[in-house]
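Here the structure comes first, spelled out in structure tokens, and everything after it is commentary.
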Amino acid sequence: MPIDLYQLAGSAPCRAVRLAAAAIGVDINLKNTDLMAGEHLKPEFLKMNPQHTIPTLDDNGLYLWESRAIMAYLANQYGKNDSLYPKDPKKRAVVDQKLYFDLGTLYQSFADYYYVMIFTGVTPDQAKYDKMNNALGFLDKFLEGENYVAGKTLTLADLTIVVTVGNFKVMDHDLSKYSNILRWYDRVQAEAPKYNEIEGPSMKAFKDFVNIKKK
């Protein structure tokens, strides 16, 4: 039975799940979901996910949403080893911490500033802009002397955070002073399986969406 992923090309959480699936080596069947047409509000979608969010995974009747939960499930269920999501409690705790940092701090700060701007046309206040740069500063500090955000190998934490940083790049956010982030970003681009295949078209889709909203 195929693993279906209900997704949208430019969506950061969907992109992170696709990068994780590629790194794990599991095939997923992409089911593009047109939010503007309300496909996520149809009864058959609501039956899977009452919260009607994307990405939503259907693995032979297991319905799962929230991208980081999906990524962890795929690694646990289908990973050939535990390098992406270590079984050792201490190593896993560090990966989880960075996943939650992305969810609650880095990606959240991006959403609070740029998504508001994209969807409403209103520029949020300076405090929200400063909060983004504070979050980027934390990430840059985490990466001091490190090749990866959580341990000594590529993990799920790198794969979700690299997408968030990609979003900052799409918005032409000035990252020049975050040398550790830029060094790490280049490394993950080179090492993450199918990175260019997935992120190239997906970042373009996000950029195109932003440009349409600006008009």
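The values are calculated or read from the model by the stated rules, or taken from the named source; none is laboratory data. This one's a predicted model, so the numbers in the text were calculated from it and none came from an experiment. Heavy atoms of the whole protein, side chains included, go into the accessibility calculation; ligands, DNA and RNA do not. Shrake-Rupley method; radii C 1.70, N 1.55, O 1.52, S 1.80 Å.
Computed quantities for the displayed model
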{"read-out": "Whole-number accessible area per residue in Å² for the stretch 1-99, which is evaluated in the context of all protein chains at 1.4 Å", "value": "51"}
{"read-out": "Carbon and sulfur %, accessible surface of the chain computed with the full protein complex present, 1.4 Å", "value": "54"}
{"read-out": "Over 30 Å (Cα to Cα) - which of Lys131/Lys213; Lys177/Lys204; Lys87/Lys204; Lys87/Lys128; Lys31/Lys204; Lys91/Lys204 fall in this group", "value": "Lys87/Lys204; Lys87/Lys128; Lys91/Lys204"}
{"read-out": "Fraction of antiparallel bridges per DSSP, the chain only, in percent to nearest 5", "value": "65"}
{"read-out": "Calculated [θ] (222 nm, deg cm²/dmol) that DSSP helices of n ≥ 4 give over the chain, each run adding -39,500 (n - 2.57)", "value": "-17000 deg cm²/dmol"}
{"read-out": "Glu66 accessible area, assembled protein chains, probe 1.4 Å, Å²", "value": "90"}
{"read-out": "Length-normalised contact order of the stretch 89-214 in % [C-alpha pairs under 8 Å, at least 6 apart]", "value": "28"}
{"read-out": "Distant-in-sequence amide H partners of Lys31 (H built 1.01 Å from N, under 5 Å)", "value": "Leu5, Tyr6, Gln7"}
{"read-out": "Dimensionless Rg/Rh of the chain - Kirkwood Rh, Rg from C-alpha atoms", "value": "0.95"}
